[in-house]
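Below: one structure, written as structure tokens.
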């Protein structure tokens, strides 16, 4: 069965403000010094599916820039534009319907566009094993990350050790998923880590397009009805009009809440390939090594008695004296100064800017 990559790239990256903006959100930023995040994701999954079999689902307002930035890697017609943001269930259902209606069926490898993977060779081995498991079992497959510390910023997947089974000759195994759990407090996270039964939820999914559409029909019939209408118009002159009319009416819900947490036929394959979810500015410390004072520095810097900071300068010198545990981000029209422990709250600044009508900073 043919295999496809589906990259979810429609988010606004509000926790990465002021670097991430509406016209150039996080997935279109070069944070590693190598390439923009979405291009790194394309190259990563291409090892398993081939570049000709990759789709990107993005917001309509970002679609043209996405085509420009991925030129040479992506065929423009494989970039699917959402006329409205309706969360991950709609995004995945849209891609699944596209594959079923225009390419019959296939295995979908679904990835966020804003993750960091250090060991791409091991990532490919895990992804190839997941593709084989999805094809052979006709079940939903997810990749869980082997936890290295009691993280409170990630969701977790609980599996049954006794259900472990080998996947062909890949050297990998899967386990049945017992439950998905939300972000825990620190004490609970320590218990998860000690038990050996829990993995971090990576947000990566592998399954047949036809299989996930059956799940929509059973568990999310309102969304499925919308997807059917869109599917009926695909390949016709009415396709764009129908998508623009129907898509904004799709109920907002994540694939996790809508399907994964309600399904009993989910397999997890553990991955250990240097994964990190680059969800907030404190994760910039993953993308670049710290100096001897524990600082992560981008751009021109003078730092005196400065420790454990993330300092990002675009076109101006950043000078610091006697500070610790700060995030300082300098953009052409905005400066952010934030305690590293409050990185998740950057979204609140974006909300305030919207409320106060300061759209030019968004």
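Yes/no per residue for (1) in the same structural domain as residue 226 (by TED's automatic domain parsing); (2) in contact (Cβ under 8 Å) with a residue 12 or more places away in the chain; (3) buried (at least 19 other Cβ atoms within 10 Å of the Cβ):
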| site | (1), (2), (3) |
| --- | --- |
| 16 | yes, yes, yes |
| 20 | yes, no, yes |
| 23 | yes, yes, no |
| 41 | yes, yes, yes |
| 45 | yes, yes, yes |
| 56 | yes, yes, yes |
| 62 | yes, yes, yes |
| 106 | yes, yes, yes |
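One residue stands out among those in segment 25-39 that are assigned to a loop (DSSP other than H, G, I, E, B) and touching a residue at least 12 places away in the same chain (Cβ under 8 Å): the one that is farthest from residue 123 (Cα to Cα), which is 25.
Mind checking which residues of segment 252-272 are in contact with a helix residue (DSSP H, G or I) (Cβ under 7 Å, 6 or more places away or on another chain) and buried (at least 19 other Cβ atoms within 10 Å of the Cβ)? Once the filter is applied, which keeps residues that are in contact with a helix residue (DSSP H, G or I) (Cβ under 7 Å, 6 or more places away or on another chain) and buried (at least 19 other Cβ atoms within 10 Å of the Cβ), segment 252-272 yields 255, 258, 259, 266, 267, 269, 271.
Looking at 331, 324, just one residue is in contact with a strand residue (DSSP E or B) (Cβ under 7 Å, 6 or more places away or on another chain), over 22 Å from residue 154 (Cα atoms) and touching a residue at least 12 places away in the same chain (Cβ under 8 Å), and that residue is 324. Within segment 334-362, the set of residues being under 15 Å from residue 20 (Cα atoms), in contact with a strand residue (DSSP E or B) (Cβ under 8 Å, 6 or more places away or on another chain) and part of a helix (DSSP H, G or I) comprises 343, 345, 346, 349. Identification of strands (runs of 3 or more DSSP E) wholly contained in segment 167-277 with 2 or more residues that are modelled with pLDDT of 95 or more yields 173-181, 198-208, 266-271. For the condition assigned by TED's automatic domain parsing to the domain that holds residue 48, surrounded by fewer than 23 Cβ atoms within 10 Å (Cβ to Cβ) and under 21 Å from residue 44 (Cβ atoms), what is the one hit in 128, 138? Going through 128, 138 in turn, just one is assigned by TED's automatic domain parsing to the domain that holds residue 48, surrounded by fewer than 23 Cβ atoms within 10 Å (Cβ to Cβ) and under 21 Å from residue 44 (Cβ atoms): 128. Taken over segment 141-166, the criterion of being out of contact with any strand residue (DSSP E or B) (no Cβ under 9 Å at 6 or more places or on another chain) and either crowded, with 16+ Cβ neighbours inside 10 Å or part of a strand (DSSP E or B) (or both) is satisfied by 150 alone. Selection of first residues in segment 156-170 that are touching a residue at least 40 places away in the same chain (Cβ under 8 Å) and not assigned by TED's automatic domain parsing to the domain that holds residue 265 and of second residues that are surrounded by 12 or more Cβ atoms within 10 Å (Cβ to Cβ) and in a strand (DSSP E or B), restricted to Cβ pairs under 7 Å at least 6 apart or on distinct chains, gives an empty result.
The values are calculated or read from the model by the stated rules, or taken from the named source; none is laboratory data. Fair warning: this is a prediction, and the values are worked out from it, not measured in the lab. For neighbour counting, all protein chains shown are included, and Cβ atoms are generated from backbone atoms with ideal geometry for every residue, glycine included.
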